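Q: My questions all concern the structure below.
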Amino acid sequence: MKNLTPLINTSLSKELQALLYLLGYCSQQGSFKVYAVGGFVRDLLLGQENRDIDLVVEGSAAEFAKSLLKVMPGTLRSYERFGTATLTLTNGIVFDMVTARKEFYAAPGALPAVEQSTLKNDLFRRDFTINTMACALNPGEFGMFFDYFGGREDLERGLIRVLYKLSFVDDPLRIIRAIRFEQRFGFDIEADSLSLMNKAIRNRLWEKVSNERLYNEVRLVFREPKPLKVLTRFNELNLFKEIFPRLLFTPQVKERLQQLEYALAKFKPEAGSCNYTLLFLSALFYDLEERDINFLCHLMRLKRKERLALLSIRANVPSVLRQLKTETVGPASLYALFKELPEEGQLLTIALASEPRIREQVMYYREHLRGRKPFVTGKDLLEAGMKPGPVFNRILSKLHEAVLEGKVKNKEEELKLVSLLMKATGEQSAEK
Ligand code: ATP
């Protein structure tokens, strides 16, 4: 196939098609040459839409990105030193742009060859052949397909292949990436690449990469549709214990991850509401001692907030599950059980629930209790002349409980209850 336009027109949403044509138009206006490359082209050929679009810009990625901002609302981050820019549109589509520097060595009378080699040079630095295909976006050649390294054939044969022998040495993170793509697409790592990868693993090459970069790559595993498959493969290749020291890949750990994947397939969290790294780590770390969790959080360069969330999940989910299994809990107590538990802890509770009844209680909390607040607020109490303090807080929480239990149903009933509570506390304090 020489031109991808028919594929673009049939397998992408109208929204994305329009954006690609607009990119082409903008590139021409600014005399840039722009190509869609990498994962976007790979997924296009697989008939999948990827809203993360990698672009190679001949000229300047930062300048091109700036010119796009005039016609597409979004947030731009440019790293001029690296020649890269990321434009995140308000509709969630992301353009990752990289400058392919024009080379000014003499190539008499062969301008196209120089231009092509610019793109080719950029693509040669990429991880696997399936990620090296490009599609021109400039109007004159829109859709033209470039495949210098046999990416199309490997994609059709289902092979993950590095471009050159020292690829894993140059960037050991490609070990993690190869396994991630292998498991995501159900592909094989091509035989020579696999033996290079095994050698890289034996030589512990990831040790030359900073922990920050290493674990940023590892975090991507948890955004895969089936992280368990990737982690199982890590284990087969002797990588799991290197990436997660002090953590054993036991049948129980696998079982929990499996339960989590089932639950996620059924109860899809709202976009942006869930930190998938935290969610999967909370299942992985479920049996660990606090000091081992702290150790791994430090190793993985997790943020303090993430570490505290993991510790809270580890401390609370097992007891929440026990309690929900043994008693029927009323709305106010259900609220109290979950209100401090991070979102990921709630999802883990759903995943690990041994009976539908337990899952239903968590869902009930999430759907009916979590957002239910009294109409009467602290401000109303202040206006009624109450002074802030312990009694004030107790009245507010009693009121909240009554709302959760359905004992008061509107502002009028709430106000009545508040005045009863005020009287009662007045009597009590008078008695003291
Ligand atoms: P995904 O579908 O997971 O987003 P992707 O291929 O788009 O897959 P990204 O991490 O977004 O992956 O990277 C974009 C492109 O950058 C890749 O397609 C690849 O060409 C290149 N790339 C990313 N990481 C590396 C690396 N470590 N070495 C070489 N090339 C890389």
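The values are calculated or read from the model by the stated rules, or taken from the named source; none is laboratory data. No experiment lies behind these values; they were computed from the predicted model shown. Quick reminder, even Gly has a Cβ in these numbers, built from the backbone with ideal geometry, and neighbours come from all protein chains shown. Surface areas here come from the heavy atoms of the whole protein model, side chains and all, with no ligands, DNA or RNA. Shrake-Rupley method; radii C 1.70, N 1.55, O 1.52, S 1.80 Å.
Q: What is the number of the single condition among (1) surrounded by 14 or more Cβ atoms within 10 Å (Cβ to Cβ); (2) more than 13 Å from Ile179 (Cβ to Cβ); (3) not hydrophobic (A, V, I, L, M, F, W, C) that Glu255 does not meet?
A: Single failed check for Glu255: (1).
Q: Just wondering, is there one or more residues in the range 112-119 that are open to solvent by less than 10 Å² (accessible area, probe 1.4 Å) and modelled with pLDDT of 95 or more?
A: no
Q: Name the pairs: first residue in the range 235-250 and in the same structural domain as Val218 (by TED's automatic domain parsing) and open to solvent by 20 Å² or more (accessible area, probe 1.4 Å), second residue modelled with pLDDT of 95 or more and part of a loop (DSSP other than H, G, I, E, B), Cβ to Cβ under 7 Å, at least 6 apart or on different chains?
A: Here the result reads Asn235/Phe249, each pair linking the range 235-250 to a residue that is modelled with pLDDT of 95 or more and part of a loop (DSSP other than H, G, I, E, B).
Q: Restricting to the range 43-60, count the residues that are in contact (Cβ under 8 Å) with a residue 60 or more places away in the chain and either open to solvent by 10 Å² or more (accessible area, probe 1.4 Å) or not assigned by TED's automatic domain parsing to the domain that holds Met144 (or both).
A: 2
Q: Is it fair to say Asn216 is over 30 Å from Asn91 (Cβ atoms), assigned to a helix (DSSP H, G or I) and of a type in the set (S, T, N, Q)?
A: no
Q: Working only within the range 176-196, note down all residues that are in a helix (DSSP H, G or I), away from the ligand (no atom under 13 Å from the Cβ) and either of a type outside the set (A, V, I, L, M) or in contact (Cβ under 8 Å) with a residue 12 or more places away in the chain (or both).
A: Asp192, Ser193, Ser195, Leu196
Q: With the checklist (1) under 30 Å from Gly92 (Cβ atoms); (2) open to solvent by 70 Å² or more (accessible area, probe 1.4 Å); (3) outside any helix (DSSP H, G or I) in hand, flag the one item Asp287 doesn't pass.
A: (1)
Q: Next up: If I filter the range 221-232 down to residues being assigned to a helix (DSSP H, G or I) and either assigned by TED's automatic domain parsing to the domain that holds Leu260 or within 16 Å of the ligand (Cβ to nearest atom) (or both), which single residue comes out as surrounded by the fewest Cβ atoms within 10 Å (Cβ to Cβ)?
A: Out of the qualifying residues, it is Lys229.
Q: If you check Asp122 against the conditions, is it closer than 29 Å to Ala18 by Cβ, within 11 Å of the ligand (Cβ to nearest atom) and acidic (Asp, Glu)? Walk me through how you get there before you give the answer.
A: Details: closer than 29 Å to Ala18 by Cβ: yes; within 11 Å of the ligand (Cβ to nearest atom): yes; acidic (Asp, Glu): yes.
Judged against the criteria, Asp122 is a match.
Q: When the range 27-42 is examined, which residues are found to be more than 9 Å from the ligand (Cβ to nearest atom) and crowded, with 20+ Cβ neighbours inside 10 Å?
A: Once the filter is applied, which keeps residues that are more than 9 Å from the ligand (Cβ to nearest atom) and crowded, with 20+ Cβ neighbours inside 10 Å, the range 27-42 yields Ser27, Phe32, Lys33, Val34, Tyr35, Ala36.
Q: Moving on. Restricting attention to the range 159-175, and to residues there that are more than 12 Å from the ligand (Cβ to nearest atom) and closer than 24 Å to Lys226 by Cβ, which single residue is surrounded by the fewest Cβ atoms within 10 Å (Cβ to Cβ)?
A: The residue in question is Leu159.
Q: Which pairs do you get when a residue that is within 12 Å of Leu281 (Cα to Cα), found in the range 215-229, comes within reach of a residue that is open to solvent by 10 Å² or more (accessible area, probe 1.4 Å) and within 11 Å of the ligand (Cβ to nearest atom), reach meaning Cβ atoms under 8 angstrom, with the pair 6+ apart or on two chains?
A: That search, which allows pairs on different chains as well, returns Val221/Arg180.
Q: Report yes if Met133 is more than 13 Å from the ligand (Cβ to nearest atom) and assigned by TED's automatic domain parsing to the domain that holds Val34, otherwise no. Spell out how you get there, then give the answer.
A: Details: more than 13 Å from the ligand (Cβ to nearest atom): no; assigned by TED's automatic domain parsing to the domain that holds Val34: yes.
Taking the combined requirement at face value, the residue does not satisfy it.
Q: What number of residues in the range 136-151 are part of a helix (DSSP H, G or I) and touching a helix residue (DSSP H, G or I) at 6+ places or on another chain (Cβ under 7 Å)?
A: Qualifying residue count for the region: 2.
Q: Assess whether Pro388 counts as being under 18 Å from Leu264 (Cα atoms), free of Cβ contacts under 8 Å to residues at least 40 places away in the same chain and either surrounded by 16 or more Cβ atoms within 10 Å (Cβ to Cβ) or not β-branched (Val, Ile, Thr) (or both).
A: no
Q: Only one of Glu327, Glu355, Glu412 is acidic (Asp, Glu) and in contact with a Lys or Arg (Cβ under 8 Å, 6 or more places away or on another chain). Can you tell me which?
A: When all the criteria are applied, what remains is Glu355.
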